[in-house]
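Working notes, beginning with the structure itself.
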Amino acid sequence: MLSAQRRSHLLDLLDRDGRIVAKDAAAALGLSEDSIRRDLRELAEAGLCVRVYGGALPVAAADRPFWDRLSLGTASKERVARIAAERIRPGSTIIIDAGTTALALARLLPDDPSLTVITPSPAVALAVAEHSPARVIMIGGELGRHSMVAGGALAAEAIHRLSADACFLGVTGFHPEHGLTTGDLDDAATKRALAERSTDVYVLASEEKVGAVSRYPVLDVGEVTEVIVDPQSDARDPSMQAGGSDALDHQDRG
């Protein structure tokens with residue numbers, strides 16, 4: 001089988017099963033695990049999968065550019081945002097991260113002029129200003145055109161000088177074994193810094209993020225106060241969505 005045919009077969013497996021276990025794929029094709037790992041590495045470099053311990057998982061749908069995600073799972077994002085809004089205490093200082101679920105939360109804030117909102121997202125800042133009387137503090141830095149969030153050294157310095165009662169964090173993947181992930185390296189660092197400056201950390205996990213894995217780790221699930229999932233989604237239990245991914249964790253690293 002030619003390498004292009006193998007990669008096409010692996011993508012078919014990923015689409016059908018929601019994961020690839022390198023050892024099983026190698027046995028089925030009569031090839032070495034090293035050959036499958038090389039194929040998975042090339043597919044990951046092309047952005048077609050995410051390599052994990054022992055194999056690969058699909059690329060998270062939420063890794064699309066910000067503008068493309070605005071129409072993705074809007075009802076689920078709204079339900080998650082409504083639950084998140086219930087976690088906001090009167091007069092508190094909160095951080096709202098970037099992302100489309102964070103944008104939905106910004107439009108649902110309580111009518112509380114004593115509330116302070118800190119955000120690295122211009123879109124979130126404008127939504128807060130439009131829909132609530134809250135004070136808005138923007139975190140400056142270089143604007144990432146993919147995620148539409150400020151990051152880099154200037155953002156890191158600003159975040160270090162701030163503190164908040166709660167942080168509402170956006171991620172592109174929430175997986176029971178692989179934790180909370182995102183598709184951009186700088187964005188992952190910004191998210192960790194925001195979480196470190198907050199007493200409570202709530203993760204906004206709409207249905208397309210549950211069971212998904214992106215390239216860069218943000219936090220382990222045990223490091224946050226709560227992962228807020230959509231109560232109406234079939235994906236609300238990440239252990240169900242993972243598709244028995246324990247098999248991945250018992251193989252050699254792919």
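The values are calculated or read from the model by the stated rules, or taken from the named source; none is laboratory data. Since the model is a prediction, treat every value here as computed from it, not as a measurement. Virtual Cβ from ideal backbone geometry, glycine too; neighbours counted across all protein chains shown. Please note that ligands, DNA and RNA were not included when accessible areas were found on the heavy atoms of the full protein model with its side chains. Shrake-Rupley method; radii C 1.70, N 1.55, O 1.52, S 1.80 Å.
Worth pointing out:
- Those helices (runs of 4 or more DSSP H) lying entirely in the range 10-77 with at least 2 residues in contact with a Leu (Cβ under 8 Å, 6 or more places away or on another chain), open to solvent by less than 30 Å² (accessible area, probe 1.4 Å) and at pLDDT 85 or above: 22-29, 33-45
- Qualifying position, being of a type in the set (D, E, K, R), within 28 Å of S233 (Cβ to Cβ), at pLDDT below 95 and in contact with a helix residue (DSSP H, G or I) (Cβ under 7 Å, 6 or more places away or on another chain), among E142, E207: E207
- Here F174 meets each of (1) over 9 Å from the mean Cα position of the chain (by Cα); (2) under 19 Å from R79 (Cβ atoms); (3) buried (at least 19 other Cβ atoms within 10 Å of the Cβ); (4) not basic (K, R) with one exception, condition (1).
- Test: residue in the range 231-254 that is at pLDDT 90 or above, under 24 Å from L40 (Cα atoms) and out of contact with any Pro (no Cβ under 6 Å at 6 or more places or on another chain): no
- All positions within the range 202-227 that are surrounded by fewer than 24 Cβ atoms within 10 Å (Cβ to Cβ), in a strand (DSSP E or B) and aliphatic (A, V, I, L, M): L219, V227
- Unmet requirement for S163, which otherwise passes all of (1) open to solvent by less than 10 Å² (accessible area, probe 1.4 Å); (2) more than 30 Å from Y53 (Cα to Cα); (3) small (G, A, S): (1)
- Within the range 189-226, the set of residues being of a type in the set (V, I, T) and either within 27 Å of A153 (Cβ to Cβ) or without any contact (Cβ under 8 Å) to a residue 24 or more places away in the chain (or both) comprises T190, T199, V201, V203, V218, V224.
- Scanning the range 113-127 for residues that are buried (at least 16 other Cβ atoms within 10 Å of the Cβ) and either more than 21 Å from the chain's Cα centre (by Cα) or without any contact (Cβ under 8 Å) to a residue 60 or more places away in the chain (or both) yields a total of 10.
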